[in-house]
Amino acid sequence: MGGNLISDDSTQYVFNSDAAVKALELYSDLANKHKVGKLWDFDTDGDPMVALQNSEANGIMYGSWFATELASGAPDMAGKWGIAPLPWGDAGRKYDAATGGACLSIPTGAKEPDLAWEFINSACRLKTR
């Protein structure tokens, strides 16, 4: 949706651009407005792998790495699952996504650590909007 974290030339953060805010709000709206998703909390909701195995969840919006985790964590589901691109956005857009918070960090040499923290804090609060 054009909501990049960093500019194409990697010279500035653009996570607070209109397009990026719109993309982040979509994640929140899936659960809070459209009621077609759930913002999973491992501590409250348990292991999503178990929810998939017990048919308590129809699908999980994760990055491509989850295919490996699912294959090793639920071998009994082999051949019973697939991967689909996210079904929204402009025609012809790349189907990629960055979900979760495991990859968020602030490098020790960051020029704008307070701005980076503001982004992380805002992104993690989307589930309470």
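Filter segment 114-129 down to the residues that are open to solvent by less than 60 Å² (accessible area, probe 1.4 Å) and either part of a loop (DSSP other than H, G, I, E, B) or not aromatic (Phe, Trp, Tyr) (or both), then identify the one that is modelled with the highest pLDDT.
Kept after step one, since they are open to solvent by less than 60 Å² (accessible area, probe 1.4 Å), are these residues of segment 114-129: 115-116, 119-121, 123, 126.
Okay, now just the ones that are also either part of a loop (DSSP other than H, G, I, E, B) or not aromatic (Phe, Trp, Tyr) (or both), so 115-116, 120-121, 123, 126.
On the way: Leu115: 91, Ala116: 86, Ile120: 80, Asn121: 78, Ala123: 71, Leu126: 51.
Filtering segment 114-129 for residues that are open to solvent by less than 60 Å² (accessible area, probe 1.4 Å) and either part of a loop (DSSP other than H, G, I, E, B) or not aromatic (Phe, Trp, Tyr) (or both), the one modelled with the highest pLDDT comes out as Leu115.
Return the total of residues in segment 40-50 being part of a loop (DSSP other than H, G, I, E, B) and over 17 Å from the mean Cα position of the chain (by Cα). Number of matching residues: 1. Residue selection: Tyr27 satisfies the criterion of being under 25 Å from Ser122 (Cα atoms) and at pLDDT 75 or above.
From the set of residues in segment 51-69 that are assigned to a helix (DSSP H, G or I) and small (Gly, Ala, Ser), which is nearest to the chain's Cα centre (by Cα)?
Step one: filter segment 51-69 for residues assigned to a helix (DSSP H, G or I), giving 51-53, 66-69.
Then drop every residue that is not small (Gly, Ala, Ser), which leaves 51, 67.
Details: Ala51: 18, Ala67: 15 Å.
Among them, the one singled out is Ala67.
Among the residues of segment 3-39, those identified as closer than 30 Å to Ala110 by Cα, without any contact (Cβ under 8 Å) to a residue 40 or more places away in the chain and not in a helix (DSSP H, G or I) are Gly3, Asn4, Ile6, Ser7, Asp8, Asp9, Ser10, Thr11, Gln12, Val14, Ser17. Hey, does segment 60-74 have a residue that's among the small types (Gly, Ala, Ser) and modelled with pLDDT under 80? Checked against the condition, which is being among the small types (Gly, Ala, Ser) and modelled with pLDDT under 80, segment 60-74 yields at least one hit. Please enumerate the residues belonging to segment 90-113 that are surrounded by 10 or more Cβ atoms within 10 Å (Cβ to Cβ), of a type in the set (A, V, I, L, M) and at pLDDT 65 or above. Once the filter is applied, which keeps residues that are surrounded by 10 or more Cβ atoms within 10 Å (Cβ to Cβ), of a type in the set (A, V, I, L, M) and at pLDDT 65 or above, segment 90-113 yields Leu104, Ile106, Ala110.
If the condition is being of a type outside the set (Phe, Trp, Tyr), open to solvent by 90 Å² or more (accessible area, probe 1.4 Å) and under 19 Å from Ala84 (Cβ atoms), then segment 38-74 contributes Lys38, Ser55, Asn58, Ser64, Thr68.
The values are calculated or read from the model by the stated rules, or taken from the named source; none is laboratory data. Since the model is a prediction, treat every value here as computed from it, not as a measurement. Ideal geometry is used to build each Cβ from the backbone, glycine not excepted, and the neighbour counts take in all protein chains shown. The accessibility values were calculated without ligands, DNA or RNA, using every heavy atom of the protein model including side chains. Shrake-Rupley method; radii C 1.70, N 1.55, O 1.52, S 1.80 Å.
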